[in-house]
Amino acid sequence: MNVFEFYNVGLGDPIGISASNALNLGDLLDAVVAAFPKNEVDDREEDEIRIAVIGRPNVGKSSLVNSMLGEDRVIVSDIPGTTRDAIDTHFIKDGIKFTLIDTAGMRRKNKIDEPVERYSVIRSLRAIDRSDVVLMLIEAPVGVTEQDKKIAGYAHESGKGCVIVVNKWDIFPDKHDRSTNRFTDDLREQLGFLQYAPVLYASALTGQRVNRVTELVKFVAEQQSMRIQTSVLNELIRDAISVNPPPTKRGKQLKILFMTQADINPPKFIIFVNEPDLFHFSYQRFIENQLRERYGFEGTPLKFIIRKRNEGDEE
């Protein structure tokens, strides 16, 4: 009967249970489920652009967030791992709504020895999943590392728009008039799958070029939302085929019947062919390059679905 003494705590009706005898566990679960929210509502606004700031520990993610906002909203420290959770900050610039998501730095798996840090990495990956555009931070004095490639690769595979921000450019050693060109060439070589991503050289500490970040994010978001008419796409296909005919394999030639855009964010295209097995990855890359050359699609990955269709069904 001592259970009734817990009414003095003022936390509602107490439930007396016995874990070993499974006494009243059903009542406990009913009470827990009753407290769940009725509907899972996404608080995202339609015209809002979500930006995830990602990268290794101590590359300046929190400093960049503070510099963009013009105030110290998140803790900045030289100690890697200060940011433990993804932190959302809403702001408006030039009439456009943005949400900045400062994420925890992601180290290599064999370097993670704390459960809290492991959870932080999971939260960072989820932040990428719910973002529209990621700011991939690279530390200028260090250059591209293997961990940078893995982090950027996750964002690319998730179909997110991307802006590469080379931070701490103010302390880059041996700077000269061709430093940015050489660094960009190295970036393109190391991050070959992000050829489409614009590169910005900045310093979160001094504020150098930080004002251009939202401008680039807005541009990439617009590129992600671009939709091309089917008739225009098929005109591009005809031009591409005339320049570089589809490959043949064992005497059989690939025939591209037509292409259409199925989705945006990221742009997704369906290509109907006579034999999908003949559609080599290199020819898909050629079609992708033709799309980018003619329509841009800067900062966003392009997704392709290859489907079989009979020639008589050509549209």
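Listed here are the residues, each with its yes/no results for (1) at negative phi; (2) not β-branched (V, I, T).
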| position | (1), (2) |
| --- | --- |
| I171 | yes, no |
| Q190 | yes, yes |
| P198 | yes, yes |
| A202 | yes, yes |
| G207 | no, yes |
| V213 | yes, no |
| Q229 | yes, yes |
| I237 | yes, no |
Quiz item: So which of L29, L69 is more than 20 Å from the chain's Cα centre (by Cα), closer than 26 Å to A155 by Cβ and modelled with pLDDT of 85 or more?
Solution: L69
Quiz item: For segment 291-315, what are the residues that are within 18 Å of F193 (Cα to Cα), buried (at least 17 other Cβ atoms within 10 Å of the Cβ) and not aliphatic (A, V, I, L, M)?
Solution: F297, E298, G299, T300, P301, F304
Practice problem: Could you please tell me which pairs satisfy a Cβ distance under 6 Å, a separation of 6+ or placement on different chains, a first residue in segment 267-286 that is closer than 18 Å to I228 by Cα, and a second residue that is of a type in the set (S, T, N, Q) and open to solvent by less than 40 Å² (accessible area, probe 1.4 Å)? | Solution: F269/Q261; I270/T260
Quiz item: What are the residues in segment 172-181 that are part of a helix (DSSP H, G or I) and surrounded by fewer than 13 Cβ atoms within 10 Å (Cβ to Cβ), if any?
Solution: N181
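Looking at E235, E215, E189, can you tell me which residue is farther than 30 Å from S158 by Cβ and open to solvent by 20 Å² or more (accessible area, probe 1.4 Å)? Outline the logic, then answer.
On the way: E215 fails: farther than 30 Å from S158 by Cβ; E189 fails: farther than 30 Å from S158 by Cβ.
Result of the check over E235, E215, E189: E235.
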Exercise. Output the residue which, of all residues in segment 129-167 that are open to solvent by 10 Å² or more (accessible area, probe 1.4 Å) and of a type in the set (V, I, T), is farthest from the chain's Cα centre (by Cα).
Key: V142
Quiz item: Just checking, how many residues over segment 17-38 are open to solvent by 90 Å² or more (accessible area, probe 1.4 Å), closer than 23 Å to N2 by Cβ and assigned to a loop (DSSP other than H, G, I, E, B)?
Solution: 2
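Okay, residues lined up against (1) within 21 Å of F286 (Cβ to Cβ); (2) part of a strand (DSSP E or B); (3) of a type outside the set (G, A, S); (4) in contact (Cβ under 8 Å) with a residue 12 or more places away in the chain:
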{"position": "L200", "(1), (2), (3), (4)": "no, yes, yes, yes"}
{"position": "L205", "(1), (2), (3), (4)": "no, no, yes, yes"}
{"position": "N211", "(1), (2), (3), (4)": "no, no, yes, no"}
{"position": "E215", "(1), (2), (3), (4)": "no, no, yes, no"}
{"position": "M226", "(1), (2), (3), (4)": "yes, no, yes, yes"}
{"position": "R238", "(1), (2), (3), (4)": "yes, no, yes, no"}
{"position": "P246", "(1), (2), (3), (4)": "yes, no, yes, yes"}
{"position": "A262", "(1), (2), (3), (4)": "yes, yes, no, yes"}
Exercise. Identify, by number, the condition in (1) surrounded by 13 or more Cβ atoms within 10 Å (Cβ to Cβ); (2) in contact with an Asp or Glu (Cβ under 9 Å, 6 or more places away or on another chain) that T184 doesn't meet.
Key: (2)
Quiz prompt | Residue among Y196, Y201 that alone is under 18 Å from the mean Cα position of the chain (by Cα) and modelled with pLDDT of 95 or more | solution = Y196
Quiz prompt | Breaking point among (1) open to solvent by 50 Å² or more (accessible area, probe 1.4 Å); (2) under 23 Å from G192 (Cα atoms); (3) in a helix (DSSP H, G or I), for D277 | solution = (2)
Quiz item: Hey, does segment 266-276 have a residue that's within 29 Å of the chain's Cα centre (by Cα) and at positive phi?
Solution: no
Quiz item: I270 is checked against (1) modelled with pLDDT of 95 or more; (2) farther than 30 Å from H90 by Cβ; (3) out of contact with any Ser or Thr (no Cβ under 6 Å at 6 or more places or on another chain) and fails just one. What number does that condition carry?
Solution: (3)
Quiz item: Just to be sure, is F286 at pLDDT 95 or above, on the phi < 0 side of the Ramachandran plot and assigned to a strand (DSSP E or B)?
Solution: no
Quiz item: Yes or no: I79 open to solvent by 40 Å² or more (accessible area, probe 1.4 Å) and either modelled with pLDDT of 80 or more or in contact with an Asp or Glu (Cβ under 7 Å, 6 or more places away or on another chain) (or both)?
Solution: no
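The values are calculated or read from the model by the stated rules, or taken from the named source; none is laboratory data. None of these values were measured; they are calculated from a predicted model. Here Cβ is always computed from backbone atoms with ideal geometry, including for glycine, and neighbour counts include all displayed protein chains. Heads up: the accessible areas ignore ligands, DNA and RNA and are worked out on the full protein's heavy atoms, side chains in. Shrake-Rupley method; radii C 1.70, N 1.55, O 1.52, S 1.80 Å.
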